[in-house]
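Every number in this text was worked out from the coordinates using simple rules, so none of it is lab data. For clarity, every value in this text was computed on a predicted model and none was experimentally measured. Here the Cβ is made from the backbone with ideal geometry for all residues, glycine too, and neighbour counts use every protein chain on show.
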Amino acid sequence: MREAPIGVFDSGVGGLSVLAEIQRLLPNESLLYVADCGNVPYGEKTPEFIRQRCSVMAEFFQQQGAKALVLACNTATVAGVADLRRDYPQWPIVGMEPAVKPAAAATRSGVVGVLATTGTLQSAKFAALLDRFATDVRVITQPCPGLVELIENGDLHSPALRELLARYVGPLLAAGCDTIILGCTHYPFLKPLLKQMIPEDISLIDTGAAVARQLQRLLTERELLADGTADAAQFWTSADPEHFRNILPILWNTSGVVRSFNK
């Protein structure tokens, strides 16, 4: 089982930002990635629909012989991680959550901004994070409809993207935020553009690296860390494989084989 692959999925290409952190920290691990691009964005879907998709992904990774599962999606984690941990107790399962705790610790002004999908911001889990870790800070939330769809098309620089991002970041800056949480796995791809829009002393925080560290900890506990040479990452998408293949070099910095995920 040590050399078995790790399954990672997201509603689309955003989870590639998490996959990159896992590969950086755990270079010996073989990785499987499913982008459910045919149903993106999860943030606009019902919890019931998302739970059903989580189950489909888990069953697929089980068939592929995976030894662990990563939900590289905040919205999928909110809706489905509890059911998956109940149904697949044999796996280490790692989910995502907005980085409220580190952001609350990092802020100097006492004002934290959150860029996230509507689904994440309206979730009970996000409310619980605020209640637990943000009682001493002011949190300004900003839903960001449209960003995910542009990133899904490999758009990281266009005037339309800049205009939309500026509209979402503006209220956070006006409120005095000195720390901004990137509460969707798609958004780390916008860091270079964001840094052009915000003062240098404003921190951008995401949770990809923390997810990789948690995965490493769980694999170590279960003596499942690979010690051989990793296979090349494998990719599937529930939308057009050719489209995913074309944007993979933009977001993953290399090309790869992309298969169709018809489930």
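Candidate cross-link partners of K101 among the lysines, defined by an alpha-carbon separation under 25 Å and a same-chain spacing of 8 or more, comprise K125, K191, K195. The Rg/Rh ratio for the range 29-152 is 1.00, where Rg is the radius of gyration of the alpha carbons and Rh is the Kirkwood radius.
What whole number of Å gives the distance from the Cα centroid of the range 13-81 to the Cα centroid of the range 105-134? For the range 105-134 versus the range 13-81, the Cα centre distance is 22 Å.
Nearest 10 degrees, 0 to 90: what angle lies between the long axis of helix 47-63 and the longest principal axis of the chain (Cα atoms)? Here the helix axis deviates by roughly 40 degrees. Amide H contacts of L225: none lie under 5 Å away among residues 5 or more positions distant or on a separate chain (H built 1.01 Å from N in the peptide plane; Pro and chain starts excluded). Within the straight-line cut-off of under 23 Å between alpha carbons, the lysines reachable from K67 are K263, sequence neighbours fewer than 8 places apart in one chain being disregarded. For the chain, the longest principal axis of the Cα atoms and the long axis of helix 124-133 meet at an angle of about 60 degrees.
When only DSSP loop residues count, what trypsin sites (Lys or Arg not before Pro) in the range 1-89 have their Cβ near at most 15 other Cβ atoms within 10 Å? Answer by residue number: R2.
Grab the other residues whose beta carbon is less than 13 angstrom from that of D155, score K and R as +1, D and E as -1, and report the net. For residues surrounding D155, the net value is -2.
For the chain, the longest principal axis of the C-alpha atoms and the axis of helix 241-252 are separated by about 60°.
Qualifying trypsin sites (Lys or Arg not before Pro) in the range 92-191, where qualification requires a DSSP coil assignment and no more than 11 other C-beta atoms within 10 Å, comprise R108.
If you look at the Cα atoms of the range 100-205, you get an Rg and a Dmax of 13.2, 39 Å.
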